[in-house]
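Comments concern the structure below.
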Amino acid sequence: MSVRALTQPEIYLPIVVTVAFLGAWEWVGRVTDPILFAPPSRVAAAAVALIRDGVPAFGSTRIVTLQELTGTTLNALLVGLGISIITGLLIGVLLGRQNTLARIAEPYIDAIYATPRVVLTPLIVLWFGLGYNARVFVIWIGAIIPIIINTAIGIRNARPDLEEVGLSLGMSERQLLRHVIMPGAVPYLLAGLRIAAARAMIGVVIGEMFLNLAGLGGFIRFESARLRTANALVAVLVLGVMGAVLISSLGLLESKFASWKKEERAQAS
């Protein structure tokens, strides 16, 4: 990277803001009780110790490392999000093509979407117990609704002229969905996936904190209760990075597709 490139605001401003933030955090952490607000230096030292040596977690003598905790959280997150994508796309396509069914189902979907997942925790415990399945269900129930809603909207906003062309060519419903309707609905699908990813991150933390002490969410609750603030903040930062990478990747994919669609429209015109 050249010196000239470093003088561009989009390059140096994030660096300046990050340095200022860390400096302010370090200063506040040093002048206050470290139990209440651990400075970045202590958080970094805690991260190194968690990666290298691990700690006895969740009241047992078993040593867990930061890598193990992150792997546990990622496993539930990706499984729950993956199931929600598959089922959400199928239901969204069905509701997008069947208006009568959509009018019947959408009030219930809206009700589920508006209900905080925390209040469902007692029912989830009754249905799935305390364990992996309960955590995956919490992620799934939160992530599936945005996918259903955005998929259905994308299907309904398919271009009628292209549908008519497909029908005139003798396309079946399956061929019409695959070659005409779904490609046009991709921007809506990607927008739904971004929302779903954010809700999945919330779901995995809820599941690990309140259903089964496990992963990064359970570690935050356990370490905070024992006033080990630096350890808890390490897990918070890892969750933040994980969420940022996941959502930013989907956002980048969405922007790439949007630019491709603009080029395609320009060429068509």
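The values are calculated or read from the model by the stated rules, or taken from the named source; none is laboratory data. Note that this is a predicted model, so its numbers are computed, not measured. All Cβ positions, glycine included, derive from the backbone under ideal geometry; neighbour counts span all protein chains shown. Each accessible area value is taken on the protein alone, full model and side chains, heavy atoms only, with ligands, DNA and RNA left out. Shrake-Rupley method; radii C 1.70, N 1.55, O 1.52, S 1.80 Å.
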- Within segment 128-138, how many residues turn out to be open to solvent by 30 Å² or more (accessible area, probe 1.4 Å), assigned to a helix (DSSP H, G or I) and either touching a helix residue (DSSP H, G or I) at 6+ places or on another chain (Cβ under 8 Å) or more than 23 Å from I195 (Cα to Cα) (or both)? 3
- Message: Against the definition (touching a Pro at 6+ places or on another chain (Cβ under 9 Å), within 18 Å of V204 (Cβ to Cβ) and part of a helix (DSSP H, G or I)), how does G88 come out, yes or no?
- Response: yes
- Would you pick out the residues in segment 56-67 that are modelled with pLDDT of 80 or more and open to solvent by less than 30 Å² (accessible area, probe 1.4 Å)? V64, T65, L66
- Item | Positions within segment 102-118 being out of contact with any helix residue (DSSP H, G or I) (no Cβ under 9 Å at 6 or more places or on another chain), under 20 Å from A196 (Cβ atoms) and among the hydrophobic types (A, V, I, L, M, F, W, C), in sequence order | A111, A114
- Kindly indicate the residue of segment 179-235 that is among the hydrophobic types (A, V, I, L, M, F, W, C) and outside any helix (DSSP H, G or I) and also surrounded by the most Cβ atoms within 10 Å (Cβ to Cβ) among those meeting that condition. A214
- Being buried (at least 18 other Cβ atoms within 10 Å of the Cβ), modelled with pLDDT under 90 and not aromatic (F, W, Y) narrows I145, I155, I149, I141 down to just I155
- Only one of Y113, Y108 is surrounded by 12 or more Cβ atoms within 10 Å (Cβ to Cβ) and of a type in the set (F, W, Y); which? Y113
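Here is a yes/no grid of residues against (1) part of a loop (DSSP other than H, G, I, E, B); (2) surrounded by 13 or more Cβ atoms within 10 Å (Cβ to Cβ); (3) in contact with a helix residue (DSSP H, G or I) (Cβ under 9 Å, 6 or more places away or on another chain); (4) of a type outside the set (S, T, N, Q):
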position: F21; (1), (2), (3), (4): no, no, no, yes
position: E26; (1), (2), (3), (4): no, yes, yes, yes
position: P34; (1), (2), (3), (4): yes, yes, yes, yes
position: V43; (1), (2), (3), (4): no, yes, yes, yes
position: L69; (1), (2), (3), (4): no, yes, yes, yes
- Item | Pairs with Cβ under 6 Å, 6+ apart, first in segment 49-66 and closer than 15 Å to L233 by Cα, second surrounded by 11 or more Cβ atoms within 10 Å (Cβ to Cβ) and at pLDDT below 85 | none
- Query: Quick one: which of V165, V125 is assigned to a helix (DSSP H, G or I), over 20 Å from the mean Cα position of the chain (by Cα) and at pLDDT below 80?
  - Reply: V165
